[in-house]
Ligand SMILES: Cc1cc2nc3c(=O)[nH]c(=O)nc-3n(C[C@H](O)[C@H](O)[C@H](O)COP(=O)(O)OP(=O)(O)OC[C@H]3O[C@@H](n4cnc5c(N)ncnc54)[C@H](O)[C@@H]3O)c2cc1C
């Protein structure tokens, strides 16, 4: 899109450098803050938790960051976990009870790092870089005041309440309730798969189980995410209270892995298998929703949403933090190209972000349903051809590419055919 030319009065208003306020120190807020500071923009971040409080909080997620996100982190000087020994190099995919399985490699490694550690570290980086850090949750009643103090207020509060400022976009939000119940936890006592791969097991009718090497405060452990279909065998794990009977819970999880993810079960050492700490698990559910990307709080005063506050998906395809990183970079670049930070600016940013997050959303939402025949066709092709397997696995880092394959029978056929013609 062509560069925008500000009208004369607005240009005057923005002859000084802009002041940007960011609410929320997650992936989106922190990457945006670091990017803006790197380019000399006066930036304030409002955080509900200090680094120490973040480190002492409950496991929020089991995020896998793919190569493009890691590239953006490196450019920000914020890739602290580059050691190949911590990397995840590929995916082993299986459908439990079916003869279908394959392993593929990422062209460039992905990484699972505990978001408590990640956020605490990047928040310190931001403070060291000169971002003004204001501690304390921002309330709805503070938003207008803070928006007026800045040229643009960015809401990057994830699943926090402030996202209610942005109306739900009905035609992009097909679900009114969660399609999965979630359990995630960090465990000792699982041997890492060869090549340090992510195991992705689909158990038809019951859900999905993801297991990967995961770097947390105590070192490299295993992260498990169970995406349970309501009413299926896995659902009790998502609401049974671990604290009531830790040993009973761990036995139930092992039993579930034996039936629904046998290749992970085989790697368990029962004598060492245990949750890494009482706060290292989460249980819950997410209703996917796309919200408006900005709101005019009062005439001429705007707030822009990025990350989960804008586009929230079930984590089944592992895309939310990667999309938040993309959104932060997109908004950062737009801010550098100049204001005024008005409805036209916010619309332009929202459209650029949606051009990417649309694939994330449609792919994630489709994956919450039974895989259709064309998706199974790609999986079968991958199980017979390692080049296809690698391409399928690598596409996780590039959701637009993935959705061009999985989104339609034509896309799937063209993808598989492209390998046949390459081999001919
Ligand atoms: C189990 C699970 C597994 C996942 N796996 C993956 C994965 O593999 N890959 C992937 O890309 N994504 C994954 N995700 C999604 C990912 O966690 C989110 O998409 C991502 O964290 C969104 O980043 P964000 O910056 O928008 O929000 P968040 O990371 O949620 O950060 C928002 C921050 O703002 C703070 N905040 C909230 N309200 C306020 C307030 N009023 N004032 C100040 N601060 C506030 C919050 O406490 C939080 O620290 C997973 C999520 C879950 C739950």
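Annotations
- Remark: residue 288 falls outside the filter, which requires a residue to be more than 7 Å from the ligand (Cβ to nearest atom) and free of Cβ contacts under 8 Å to residues at least 12 places away in the same chain.
Rundown of residues vs (1) touching a strand residue (DSSP E or B) at 6+ places or on another chain (Cβ under 7 Å); (2) without any contact (Cβ under 8 Å) to a residue 24 or more places away in the chain; (3) within 22 Å of residue 290 (Cβ to Cβ); (4) crowded, with 19+ Cβ neighbours inside 10 Å, yes/no style:
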{"site": "328", "(1), (2), (3), (4)": "no, no, yes, yes"}
{"site": "331", "(1), (2), (3), (4)": "yes, no, yes, yes"}
{"site": "348", "(1), (2), (3), (4)": "no, no, yes, no"}
{"site": "376", "(1), (2), (3), (4)": "no, no, no, no"}
{"site": "406", "(1), (2), (3), (4)": "no, no, yes, yes"}
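- Output for segment 168-203, where each listed residue is part of a loop (DSSP other than H, G, I, E, B), surrounded by fewer than 18 Cβ atoms within 10 Å (Cβ to Cβ) and modelled with pLDDT of 95 or more: 169, 173, 174, 175, 176, 177, 178
- Filter pass, residue 221 being at pLDDT 95 or above, away from the ligand (no atom under 14 Å from the Cβ) and touching a strand residue (DSSP E or B) at 6+ places or on another chain (Cβ under 8 Å): yes
- Segment 127-149 - residue that is over 16 Å from residue 161 (Cα atoms) and not in a helix (DSSP H, G or I) and, of those, farthest from the ligand (Cβ to nearest atom): 130
- Top-ranked residue of segment 35-92 - restricted to ones that are assigned to a strand (DSSP E or B) and farther than 28 Å from residue 317 by Cα, ranked as nearest to the ligand (Cβ to nearest atom): 46
The values are calculated or read from the model by the stated rules, or taken from the named source; none is laboratory data. Just so it is clear, the model here is predicted, and its values are computed rather than measured. Note that each Cβ is placed from the backbone with ideal geometry, even for glycine, and that neighbours are counted across all protein chains shown.
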